[in-house]
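Structure first, then comments.
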Amino acid sequence: MVRFSDQQIQDTLLKEHNGEEGRLAAPLIAGEKDITGSCSNCCCAGDSCEPGRWHDRMSTRPRLASGYKVHDIELVVDRVKVSEANRKRQVESCDTALNKGKGNMLRYGR
C-alpha cells in the first residue's frame, strides 16, 4: 500500500488509466471472518433479537455468511470513465471513497 495526496491520486488515475472505464470503491470490511454467536453488539443489543430477524436500521456491521470464510465488503462509490473532462466527478468520488473507506480506496477496471 502506498500513501498518496489527493492530487497524486488524480494524476495517477489520469496517467495510468486515462480513457478506461472503471469503478471507484471504498473497502468497508477486509479479510474478516463471520460475526456469529451473541447478538450483544447488534442494533437491538440482544434485547429482542431472534435468529434470522431483519433489523430496522444498521447501526453496526452486517453479519456475514459463514464463520469459515474470510469476507471482503466494498462500497462501489462511482462507475466512471477516467478522463480530464470527468476530473471534478473523479475528485468528488475519490473523496467519498476515501472518507467511507477510512483513508483507503480501490479502483477496479472494467
Query raised in the report: Looking only at the stretch 14-29, which residues are more than 12 Å from Leu106 (Cβ to Cβ) and open to solvent by less than 70 Å² (accessible area, probe 1.4 Å)?
Result: Leu14, His17, Gly19, Ile29
**Report entry** Subset tally (residues that are open to solvent by 60 Å² or more (accessible area, probe 1.4 Å) and part of a loop (DSSP other than H, G, I, E, B)) for the stretch 81-103
**Finding:** 1
Query - Among the residues listed as Gly52, Gly67, Gly19, Gly37, the single one being modelled with pLDDT of 90 or more, more than 21 Å from Met1 (Cβ to Cβ) and part of a loop (DSSP other than H, G, I, E, B) - result: Gly19
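The values are calculated or read from the model by the stated rules, or taken from the named source; none is laboratory data. Owing to the predicted nature of the structure, the values given are computational and were not obtained by experimental measurement. Quick reminder, even Gly has a Cβ in these numbers, built from the backbone with ideal geometry, and neighbours come from all protein chains shown. Only protein heavy atoms, including side chains, enter the accessible area calculation; ligands, DNA and RNA are left aside. Shrake-Rupley method; radii C 1.70, N 1.55, O 1.52, S 1.80 Å.
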